[in-house]
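A.B. asks: This is the structure I want to talk about, given as structure tokens.
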Amino acid sequence: MLSNLVNGDILRICVLTQYKSHSLDRHITTTWRMSSLLGNYVTPVPAQQRLGPHWYLGSADAILQSLNLIYDERPEYVAVFGADHVYRMDPRQMLAQHIDSGAGVTVAGMRVPRSESASFGVVTPGSDGRSVAGFLEKPADPPGLADDPERVFASMGNYVFTTKALIEALHRDAEDENSVHDMGGSILPQLTERGEAALYDFSTNHVPGETSRDQGYWRDVGTLDAYYDAHMDLIAERPAFNLYNRQWPIYTHSGQLSPARFNAGGMASESIISAGCLIRGQVTRSVLSPGVVVDPGAVVQGSVLHDNVHIGRGAVVRGAVLDKNVEVPRVPPSASTRSGTPSCTRCPRTG
Ligand SMILES: Nc1ncnc2c1ncn2[C@@H]1O[C@H](COP(=O)(O)OP(=O)(O)O[C@H]2O[C@H](CO)[C@@H](O)[C@H](O)[C@H]2O)[C@@H](O)[C@H]1O
């Protein structure tokens, strides 16, 4: 999300954080440093209880409680983008449509199977294809699109607001005692009812260097399964999402680490192996973060290993997501002869 905004020249960015936010705060403040000379910034904003003794009630309340940032900056337009998605998008194209339409809010949408409706805000496009005739947050069984009955337009949780419309909508929402104070659950339905919402079709967005496979690629990685699947998309023979597009880079922290090293007998195939890894066992169809060590005789298959994970000698890890610094203990030779499959203590997909 940050890479898309920055690549698209949106360079004054606040990241609203909540629970257990320290590692995110540290990542943002150490990685996302831009020229302060030109007034640009990416700054994490912790919840502060500015409007009374309560934490954020929902995503709309999070923005209401942070309006001081908008009053300080006085922008004409505000982009509110979700932060748990993987995709490439040039936000300038969405902004241009928003300005052209004169709407109060423009929501980015894409076609998804109707069976997935309960996971998304579902947009009913108006007859012009650009206005929003209806918006239902996570409906169980909405009607399909007129031209494609088995699909619906899902909101991507990315919105461009005219600042005045955003502030007024948030204040109206704050006064509504029945509201859940959520962007998708409250603000979008409210502005749709007032005829102030427009739809941006994500499939029309293009970024430099895109491939026919990753144009239109978008994954919500808010669940463990979706997070895992998005990693598997990276290592397919012809990856659905191309990490190597240098014309629209995905930025992240890269520490001062030596290149990955493979000892005798160490091998990896269909995998991403980050710097600082030491591979002495066998790795297939996996994504290894910096500093992972795989000992001799260990096997890693279809897994996502975070920073500094250590897989002990003879251990087998399959279909797992392992958090940073997890140690999978070595398997004593006798145990490996007995069961053949040593255990991994934190494998959500294998138990
Ligand atoms: N209290 C809070 N304080 C600060 N930040 C908060 C917050 N609650 C949520 N957020 C942030 O707001 C964004 C969206 O929140 P969620 O991921 O919980 O929404 P969800 O995916 O259910 O639906 C949303 O995203 C999907 C697309 O994934 C849309 O279809 C749907 O309409 C929309 O509501 C995320 O980046 C999240 O971190």
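All of the numbers you see were taken from the coordinates with simple rules; none came from a lab. Because the structure is predicted, anything quoted here is derived from the model rather than measured. Note that we place each Cβ from the backbone using ideal geometry, even for glycine, and neighbour counts take in every protein chain shown.
A.B. asks: Please report, in cubic angstrom per residue, the volume enclosed by the convex hull of the alpha-carbon atoms of segment 37-128. Show your work: numbers first, answer last.
C.D. replies: Numbers: hull volume 15.9 nm³, N = 92.
Measuring per residue, one finds 173 Å³ for the Cα hull of segment 37-128.
A.B. asks: So if R0 is 30 Å, what FRET efficiency would Gln93 and Leu57 give, r being the distance between their Cβ atoms, rounded to the nearest 0.05? Before the final figure, lay out each step's value.
C.D. replies: Values: r = 33 Å, r/R0 = 1.09.
The formula returns an efficiency of 0.35 here.
A.B. asks: Students often get this wrong: which residues of segment 179-218 have the backbone nitrogen under 20 Å from the point 7 angstrom along Cα-to-C-beta of Asp100?
C.D. replies: Hits in segment 179-218 for Asp100 at 20 Å: 196-208, 216.
A.B. asks: For segment 261-335, just the Cα set please: Rg and Dmax, both in angstrom.
C.D. replies: Gyration radius and largest Cα-Cα distance of segment 261-335: 10.7, 33 Å.
A.B. asks: Where in segment 95-153 are there GluC sites (Glu not before Pro) that are in a DSSP coil and have at most 12 other Cβ atoms within 10 angstrom of their Cβ?
C.D. replies: Counting only loop positions with at most 12 other Cβ atoms within 10 Å, the GluC sites (Glu not before Pro) in segment 95-153 are Glu150.
A.B. asks: Let's test the formula: R0 of 45 Å, r as the Cβ-Cβ distance of Asn68 and Leu234. What FRET efficiency results, to the nearest 0.05? Walk me through the intermediate numbers first.
C.D. replies: Numbers: r = 39 Å, r/R0 = 0.86.
With a Förster radius of 45 Å, E is 0.70.
A.B. asks: Just flag the trypsin sites (Lys or Arg not before Pro) in segment 4-35 sitting in loop per DSSP whose Cβ has no more than 10 other Cβ atoms within 10 Å.
C.D. replies: Of the trypsin sites (Lys or Arg not before Pro), the ones in loops of segment 4-35 whose Cβ has at most 10 other Cβ atoms within 10 Å are Lys20.
A.B. asks: Which length gain, in nm to one decimal place, applies between Leu257 and Ser36 when the Cα-Cα distance is subtracted from 0.36 nm times their residue separation?
C.D. replies: Result for the pair: 76.8 nm of gain on full extension.
A.B. asks: May I pose another question? Hull surface divided by four, with the convex hull built on the Cα atoms of segment 1-44: how many nm²?
C.D. replies: 3.0
A.B. asks: Sort Tyr227, Tyr217, Tyr71 by Cβ crowding within 10 Å, fewest neighbours at the top.
C.D. replies: Ascending number of Cβ neighbours within 10 Å: Tyr71, Tyr227, Tyr217.
A.B. asks: Something else: Return one quarter of the surface area of the convex hull spanned by the alpha-carbon atoms of segment 1-160, equal to its mean projected area, in nm².
C.D. replies: If you wrap the Cα atoms of segment 1-160 in a convex hull and average its projections, you get 11.0 nm².
A.B. asks: For Asn158, enumerate residues with amide H under 5 Å from its amide H, sequence gap 5+ or separate chain, H modeled in the peptide plane.
C.D. replies: Gly82, Ala108
A.B. asks: While we're looking at this one, here's another question. Taking 0.36 nm per residue of separation and subtracting the Cα-Cα distance, what length does fully extending Asn245 through Ser3 add?
C.D. replies: Additional length available on full extension: 85.9 nm.
A.B. asks: Quick one: go through segment 67-105 and flag any residue whose amide nitrogen is under 15 Å from the point 7 Å out along the Cα-to-Cβ line of Ser21.
C.D. replies: Residues passing the 15 Å test: 67-70, 81-84.
A.B. asks: Hey, another quick one. List the aspartates and glutamates whose Cα sits under 13 Å from the Cα of Lys138, skipping any in the same chain fewer than 8 residues away.
C.D. replies: Leaving aside aspartates and glutamates fewer than 8 places away in the same chain, those within reach of Lys138 are Glu116, Asp182.
A.B. asks: Based on DSSP, what percent of beta bridges with both residues in segment 261-335 are antiparallel, to the nearest 5?
C.D. replies: Roughly 0 percent of the DSSP beta bridges within segment 261-335 come out antiparallel.
A.B. asks: Defining a contact as two alpha carbons under 8 Å apart and six or more residues distant in sequence, what relative contact order in percent does the chain show?
C.D. replies: In percent, rounded to a whole number, it is 12.
A.B. asks: Continuing with the same structure: Can you sort Glu175, Glu270 by how many other beta carbons sit within 10 Å, fewest first?
C.D. replies: Glu175, Glu270
A.B. asks: Looking at the chain, what % of its DSSP beta bridges pair antiparallel, to the nearest 5?
C.D. replies: Details: 25 of 59 bridges.
Taking every DSSP beta bridge with both residues in the chain, the antiparallel ones total about 40 percent.
A.B. asks: For a footprinting-style exposure proxy, rank Tyr251, Tyr19, Tyr200, Tyr228 by other Cβ within 10 Å, fewest first. Walk me through the numbers before you get to the answer.
C.D. replies: Numbers: Tyr251 11, Tyr19 7, Tyr200 27, Tyr228 19.
The fewest-first ordering by Cβ neighbours comes to Tyr19, Tyr251, Tyr228, Tyr200.
A.B. asks: Using every alpha carbon pair in the chain, what percent of pairs falls into each 20 Å bin from 0 up to the bin containing the largest distance?
C.D. replies: 26, 52, 21, 1
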